[in-house]
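Reviewing the structure listed below.
The values are calculated or read from the model by the stated rules, or taken from the named source; none is laboratory data. Everything numeric here is computed off the predicted structure, so don't read it as measured data. Every residue, glycine among them, receives a Cβ derived from its backbone with ideal geometry; neighbour counts consider all protein chains shown.
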Amino acid sequence: MKIDKHSKAGRFLEHVVPGVVRPLRVLWNEIIGFVFLCLAAWAVPSAIRNVRTMQTQESGLGRVALSVGFFCLMAYFGISSFLRARKISRS
């Protein structure tokens, strides 16, 4: 079904759809950012535990690097998602 842009329904959709899609995109980016920041926060206790284990034993540097790397990656994704949401809302 094709809607003519000159019809009332076409003009209605032309004005309403952008007003609905933009807030949904902002909300989506904020939700995803929150999930990534929660994942980053979830890695902090593991990283602390691995650092303490590494101090008492000689092994464990790989686990510390993996925990810190996971934290940095998830924090980056979370922050960039919030920044993208801000950019969309200001445009």
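Each row is one residue, and each column tells you yes or no for (1) touching a Gly at 6+ places or on another chain (Cβ under 7 Å); (2) of a type in the set (A, V, I, L, M); (3) part of a loop (DSSP other than H, G, I, E, B); (4) surrounded by 15 or more Cβ atoms within 10 Å (Cβ to Cβ).
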site: 21; (1), (2), (3), (4): no, yes, no, no
site: 26; (1), (2), (3), (4): no, yes, no, yes
site: 33; (1), (2), (3), (4): yes, no, no, yes
site: 52; (1), (2), (3), (4): no, no, no, no
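A quick yes/no check of all residues on (1) over 24 Å from the mean Cα position of the chain (by Cα); (2) modelled with pLDDT under 95:
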{"site": "47", "(1), (2)": "no, yes"}
{"site": "56", "(1), (2)": "yes, yes"}
{"site": "64", "(1), (2)": "no, yes"}
{"site": "80", "(1), (2)": "no, no"}
{"site": "91", "(1), (2)": "no, yes"}
